[in-house]
Amino acid sequence: MLSAYLEETIQFKDTVSSWEESIHIAAAPLLAKENINDSYVDDMISNIHEFGPYVIIVPGIAMPHAQNKGGVLENGMSLLKLEKPVAYPEEKEVKIVMVLAATDSSGHLELISDLASVLADEEIREELENAQTKDEVLRIIDSAE
Amino acid sequence: MSTPLAQAETSAPKSSARAKVQAFGGFLTNMVLPNIGAFIAWGIVTALFIPTGWIPNEYMAELVGPTIDYLLPLLLAYTGGRMVGGQRGAVMGSIGAMGLIIGADIPMFLGAMIIGPLGGLLIKKFDSLIEHKIPAGFEMIINNFSIGILGFFLMLLSYTVIGPVIEAANGGVTVAIEALVATGFLPLLSLINEPAKVLFLNNVIDQGIYYPLGLQESVNAGKSIYFTVASNPGPGLGLLLAYTFFGNKIARRTAPGAIVIHFFGGIHELYFPYVLMKPLTILGVIAGGMSGIATFQLFDAGLVAGPSPGSIFAYLALTPRGSFIGIIAGVLVATIVSFIVTSIILKLDRRSDQDDDALNESIEKSKSMKAEGKQAFASEEAAPAKEVSKISFACDAGAGSSALGATTFRKKLSKQNIDGIEVKHYRIEDVPTDSDIIVVHKNLVDRTEMSFKDHEIIAIDNYIGDPKLEDLLDRLKKTNEAS
């Protein structure tokens, strides 16, 4: 399930200049697939401005998202892996940015459930942080499901 | 060492009964307080534009009726439904309230405060019944139709039941008032007046009984005390003053505004929500009303006609020469007595809150003592002060971080074979009030505390694998083993 979502939305990048940029880049594939529109990207960023980096769900991994105020057209998820960590507010370093787009609060729970299995397992998380290619990421996620 | 333990043990059930009463009081308060602004808006419109208002205006006055009939009860029902059953409960409660509103010819405040939470409860129970049984893809249609169909029945029920209920209440009030008037001891009338006013049955007593009696007397004597028995603004003023000084934080801030509209504008409805918040304070306005009537009697005071609205200005304008001292004294005495009695009630209530905190603390303490001395008391059964059955993860959107946190935690619980604990995710504002523990990111704690200051809130840095969540898991593991 999760790997199906990520099939076309995994990106690797050496470095980004700011956490805002990391969200813009991570969201790009979802924009291209028309899962979301620009307003959702702005919502995610202003959310972090307003409430701080609560989207960092485990140290090193951020899951930017926001309430759907019309900016989410279809459920989706993307993954951006950075070689050099970028600093989120409160000096939190992030190497993996996973943008979550959810049309409402219930339709995407299977996706969340898969994600939980991946992130709750420290070993899998570590493997993920060391993954170098898209296929590697997909394989790791598949193994966790 | 066994003595304090035994004490804590025996006092625990007592405290839980009291805690329940308090939780109920807090529930009423939380249902009413967020909507006080709407009451004030309505009060201003009414004080200004009704025919006897400051700047009568027929066109503007059209706002008065629908606002009090529809907006205010719907808000109460919505809030009450939401507190029990989240957003879906709010919708359900409002549907039910609509039946009441249309079925009754008086504003349905109390009814809305019952039907709102009832609607919330109904949909919550239904949802938990069908949970995990909905085939994927059908959630939306089932969610909408479950509210639609249950709401249809709730609306029919409240619509058909409420008419006869109000008729019976009106009949009962009329009979009781007539009997009390017959005794000649008028202060007793307050026993009926004040509760009837808060329930919006005052029109039937004012226009049905007191005004006819007053007119008869007024024709002969030029004034009548019957015009004053239910319209004295003193008791309400005293109550609002007591809230101004001794109420909880938010009540303290809103009560002064309500005073202006109530006392000078004569819109008594402004104090009703404060009574509904803490029903015991009805004793304050009853005592105030009684002493007011007694004072009017003592001075043989009366008004020349029914004051409408019952503001201090209408009172003075309708006071015949020679009655001024009596009328002013009656209002003043009613205010002071109501203020004193209500203040005592509010203060006692507060103190018992603190008592409870102290009690909980001591239970907590003895519990930890017990945990330490577990070996020594191995035979004793560990009785936690409160069983945890519902944990709510919350975040801003209720879709991402909280869902992830809840799912992960649920998985951990089932790995430990702990069952019977419901773990779900919500938007902060939709977290059900019966949650035992609310887990939220530390940056969102302030916002959570605004709505849930009486709940245990766990503030975390990360929704997954936070040390505080590990602690929680340990704690649940222990209670699970103990039970």
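Only one of the numbered conditions (1) at pLDDT 95 or above; (2) within 22 Å of the chain's Cα centre (by Cα); (3) hydroxyl-bearing (S, T, Y) is violated by B:T335, and that is (2).
On the basis of being out of contact with any Lys or Arg (no Cβ under 7 Å at 6 or more places or on another chain), at pLDDT below 90 and closer than 30 Å to B:S343 by Cα, does B:I162 make the cut?
Numbers: out of contact with any Lys or Arg (no Cβ under 7 Å at 6 or more places or on another chain): yes; at pLDDT below 90: yes; closer than 30 Å to B:S343 by Cα: no.
Criteria not met by B:I162.
Going by the conditions given, is B:V341 within 28 Å of B:L33 (Cβ to Cβ), part of a helix (DSSP H, G or I) and at pLDDT 85 or above? Let's see the steps before the verdict.
Working: within 28 Å of B:L33 (Cβ to Cβ): yes; part of a helix (DSSP H, G or I): yes; at pLDDT 85 or above: yes.
Here the answer is yes, as B:V341 does meet what is asked.
Pairs meeting the criteria (first residue in the range B:313-326 and of a type in the set (V, I, T), second residue surrounded by 12 or more Cβ atoms within 10 Å (Cβ to Cβ), beta carbons under 8 Å, at least 6 apart or on different chains) are B:T319/B:A301; B:T319/B:L303; B:T319/B:V304; B:T319/B:I327; B:I325/B:F299; B:I325/B:A301. When restricted to residues that are part of a helix (DSSP H, G or I), facing chain A (nearest Cβ under 7 Å) and farther than 14 Å from A:D121 by Cβ, the range B:394-408 contains 2.
A:E34: in contact with an Asp or Glu (Cβ under 9 Å, 6 or more places away or on another chain) and either in a helix (DSSP H, G or I) or small (G, A, S) (or both), yes or no? The answer is no for A:E34. Check whether at least one residue in the range B:149-162 is free of Cβ contacts under 8 Å to residues at least 40 places away in the same chain and among the aliphatic types (A, V, I, L, M), and report yes or no. There is at least one residue in the range B:149-162 that is free of Cβ contacts under 8 Å to residues at least 40 places away in the same chain and among the aliphatic types (A, V, I, L, M).
In the range A:134-145, what residues are free of Cβ contacts under 8 Å to residues at least 12 places away in the same chain and surrounded by fewer than 13 Cβ atoms within 10 Å (Cβ to Cβ)? Even if it seems obvious, please write down each step before you answer.
Here is the first cut: in the range A:134-145, the residues free of Cβ contacts under 8 Å to residues at least 12 places away in the same chain are A:135-136, A:139.
Result: A:D135, single match.
Would you please name the residue that is surrounded by the fewest Cβ atoms within 10 Å (Cβ to Cβ), looking only at residues in the range B:435-449 that are within 14 Å of chain A (Cβ to nearest Cβ) and assigned to a helix (DSSP H, G or I)? Ranking the qualifying residues of the range B:435-449, first place goes to B:D446. Restricted to the range B:156-274, the set of helices (runs of 4 or more DSSP H) holding at least 1 residues that are more than 28 Å from the chain's Cα centre (by Cα) comprises B:211-221. Could you tell me whether the range B:207-216 includes any residue that is touching a strand residue (DSSP E or B) at 6+ places or on another chain (Cβ under 9 Å) and either surrounded by fewer than 16 Cβ atoms within 10 Å (Cβ to Cβ) or within 14 Å of chain A (Cβ to nearest Cβ) (or both)? Yes: one or more hits. Among the strands (runs of 3 or more DSSP E) confined to the range A:57-145, the ones with at least 1 residues that are farther than 30 Å from B:S414 by Cα and more than 13 Å from chain B (Cβ to nearest Cβ) are located at A:76-88, A:92-101.
What number of residues within the range B:420-434 are within 12 Å of chain A (Cβ to nearest Cβ) and either assigned to a helix (DSSP H, G or I) or among the small types (G, A, S) (or both)? If you could, list the steps in order and put the result at the bottom.
Going residue by residue through the range B:420-434, those that are within 12 Å of chain A (Cβ to nearest Cβ) are B:423-430.
Subset that is either assigned to a helix (DSSP H, G or I) or among the small types (G, A, S) (or both): B:428-430.
Of the residues in the range B:420-434, 3 are within 12 Å of chain A (Cβ to nearest Cβ) and either assigned to a helix (DSSP H, G or I) or among the small types (G, A, S) (or both).
Determine, yes or no, whether B:K411 is among the charged types (D, E, K, R), touching a strand residue (DSSP E or B) at 6+ places or on another chain (Cβ under 8 Å) and within 14 Å of chain A (Cβ to nearest Cβ). Spelling it out, it is not the case that B:K411 is among the charged types (D, E, K, R), touching a strand residue (DSSP E or B) at 6+ places or on another chain (Cβ under 8 Å) and within 14 Å of chain A (Cβ to nearest Cβ). At pLDDT 80 or above, over 15 Å from the mean Cα position of the chain (by Cα) and either over 29 Å from B:L129 (Cα atoms) or not in a helix (DSSP H, G or I) (or both): does that describe B:G89? When the stated conditions are applied, B:G89 does not pass them. Does at least one position in the range A:2-24 carry a residue that is of a type in the set (S, T, Y) and in contact with an Asp or Glu (Cβ under 8 Å, 6 or more places away or on another chain)? Yes, some residue in the range A:2-24 is of a type in the set (S, T, Y) and in contact with an Asp or Glu (Cβ under 8 Å, 6 or more places away or on another chain). Flag set for A:E110, criterion: over 15 Å from the mean Cα position of the chain (by Cα), surrounded by fewer than 16 Cβ atoms within 10 Å (Cβ to Cβ) and modelled with pLDDT under 85.
The C-beta contact set for the range B:200-225 (first residue closer than 16 Å to B:P107 by Cβ, second residue modelled with pLDDT under 80 and not in a loop (DSSP other than H, G, I, E, B), distance under 7 angstrom, 6+ apart or interchain) comprises B:L201/B:N170; B:V204/B:N170. If we scan the range A:39-54, do we find a residue that is among the polar types (S, T, N, Q), touching a residue at least 24 places away in the same chain (Cβ under 8 Å) and either buried (at least 20 other Cβ atoms within 10 Å of the Cβ) or more than 7 Å from chain B (Cβ to nearest Cβ) (or both)? Checked against the condition, which is being among the polar types (S, T, N, Q), touching a residue at least 24 places away in the same chain (Cβ under 8 Å) and either buried (at least 20 other Cβ atoms within 10 Å of the Cβ) or more than 7 Å from chain B (Cβ to nearest Cβ) (or both), the range A:39-54 yields at least one hit. Within the range B:107-155, the residues that satisfy the criterion of being more than 14 Å from chain A (Cβ to nearest Cβ) and in a loop (DSSP other than H, G, I, E, B) are B:P107, B:M108, B:K133.
The values are calculated or read from the model by the stated rules, or taken from the named source; none is laboratory data. Keep in mind that this is a model prediction, so the values were computed, not measured. Every residue, glycine as well, gets a Cβ built from its backbone with ideal geometry; the counts of neighbours run over all protein chains shown.
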